[in-house]
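The values are calculated or read from the model by the stated rules, or taken from the named source; none is laboratory data. Remember, it's a predicted structure, so these values are computed and weren't measured experimentally. Positions of Cβ are backbone-derived with ideal geometry, glycine not excepted, and every protein chain shown enters the neighbour counts. Quick note on the areas: whole protein, heavy atoms, side chains included, nothing else; ligands and nucleic acids left out. Shrake-Rupley method; radii C 1.70, N 1.55, O 1.52, S 1.80 Å.
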Amino acid sequence: MNAVLPRFLKLTYRKEPLISVLMTMGAIDALIGGLNDSWSLFAFGLGTTGIALAFKLWRLQQRRPLPEEPVVQHYLPPRSSSAPLPMLSVSKKKPPL
């Protein structure tokens, strides 16, 4: 699990940096506000996190689904209709001096 979490965080921050920063900021504000009995900071943190999460979900819905596999068009037949070329052999003659 230790190797999975850093990869997931890096991948998430690279894909959507603004949303990730807002969610991290809101979670930290909510944590600090909850531990210090500052309910306004707690509510602000939850609100920030909620807005970032809602924005992320909205963006996921806006993405178009990936098209199905494209049809591959081959310009050449799978096998050649002509006879194969003869194998070349290297002559074993000594080069002239």
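Annotation note: of Asp37, Asp29, the sole residue that is out of contact with any strand residue (DSSP E or B) (no Cβ under 8 Å at 6 or more places or on another chain) and in contact (Cβ under 8 Å) with a residue 12 or more places away in the chain is Asp29. Counting just the residues of the range 2-30 that are β-branched (Val, Ile, Thr) and modelled with pLDDT under 85, which one comes out nearest to the chain's Cα centre (by Cα)? The residue in question is Thr12. Within the range 1-53, the set of residues being out of contact with any Phe, Trp or Tyr (no Cβ under 9 Å at 6 or more places or on another chain), open to solvent by 100 Å² or more (accessible area, probe 1.4 Å) and not in a helix (DSSP H, G or I) comprises Met1, Asn2, Asp37.
Please work out if Leu85 is over 30 Å from Asp29 (Cβ atoms) and either modelled with pLDDT of 85 or more or assigned to a loop (DSSP other than H, G, I, E, B) (or both).
Yes.
Are any residues in the range 54-80 over 30 Å from Thr12 (Cβ atoms) and open to solvent by less than 100 Å² (accessible area, probe 1.4 Å), and if so, which ones? Don't jump to the end; show me each part of the working.
Residues of the range 54-80 over 30 Å from Thr12 (Cβ atoms): 71-80.
Within the range 54-80, Pro77, Ser80 meet the criteria.
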